[in-house]
Amino acid sequence: SGKLDRGRSFNLIHELSAAIQCHKDQNILVDLRDAEVQSDMLDLMTFAAECAKYGSDFDKKIAILIPNTAERIETARMFKSCMDIQGFRIRHFFNDETAIQWLSDLT
C-alpha cells in the first residue's frame, strides 16, 4: 500500500526475487490494489529487466491484483508486455478469486 515510486518498486522486485528463489515451484500473487503506482514506459522496462536478472529460471505464474481503473489497466498492460519479452507468465486481475483460479490452473 502507499506510494510505489521507483525506489519502492525496486525493493518490491528484490522481495519478489527472494520469494522466487525460495519457492521456485510456487506461483506468485502480488496485491497492488492499495498501492499508488506512477510509472512511465521506461520505468516499466527497467523493472522488467531487473526482474529478469533475478528470475531467469522462474517458469511459474505471477498474478498482479490492481484496481479496475483505466490508468492502472494501461500500466498493467504495458508492464505485461515488458515481462512477456523477458519470458514471464504474468496477468493482472481485479479480484483475488479470479487470480487464484488462474494461478491454480495447471496450464
The one condition in (1) touching a Leu at 6+ places or on another chain (Cβ under 8 Å); (2) farther than 15 Å from Ala76 by Cα that Glu50 fails to fulfil: (1)
Selection status of Ala76, buried (at least 18 other Cβ atoms within 10 Å of the Cβ) and in contact with a Cys (Cβ under 6 Å, 6 or more places away or on another chain): no
Qualifying positions in segment 10-45 - among the polar types (S, T, N, Q) and at pLDDT below 80: Ser17, Gln21, Gln38, Ser39
Close pairs from segment 92-103: first more than 11 Å from Leu29 (Cα to Cα) and part of a helix (DSSP H, G or I), partner open to solvent by less than 60 Å² (accessible area, probe 1.4 Å) and among the basic types (Lys, Arg), Cβ under 8 Å, at least 6 apart: none
Candidates Ala70, Ala35, filtered to the one that is among the small types (Gly, Ala, Ser), in contact with a strand residue (DSSP E or B) (Cβ under 8 Å, 6 or more places away or on another chain) and on the phi < 0 side of the Ramachandran plot: Ala35
Total residues in segment 1-22, condition open to solvent by 70 Å² or more (accessible area, probe 1.4 Å) and either part of a helix (DSSP H, G or I) or touching a helix residue (DSSP H, G or I) at 6+ places or on another chain (Cβ under 9 Å) (or both): 7
So Ala48, is it over 21 Å from Trp102 (Cα atoms) and touching a helix residue (DSSP H, G or I) at 6+ places or on another chain (Cβ under 7 Å): yes
Check on Ala48, touching a Cys at 6+ places or on another chain (Cβ under 7 Å) and among the small types (Gly, Ala, Ser): yes
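The values are calculated or read from the model by the stated rules, or taken from the named source; none is laboratory data. Since the model is a prediction, treat every value here as computed from it, not as a measurement. Ideal geometry is used to build each Cβ from the backbone, glycine not excepted, and the neighbour counts take in all protein chains shown. Side chains are part of the model used for accessible areas, which takes the heavy atoms of the whole protein and leaves out ligands, DNA and RNA. Shrake-Rupley method; radii C 1.70, N 1.55, O 1.52, S 1.80 Å.
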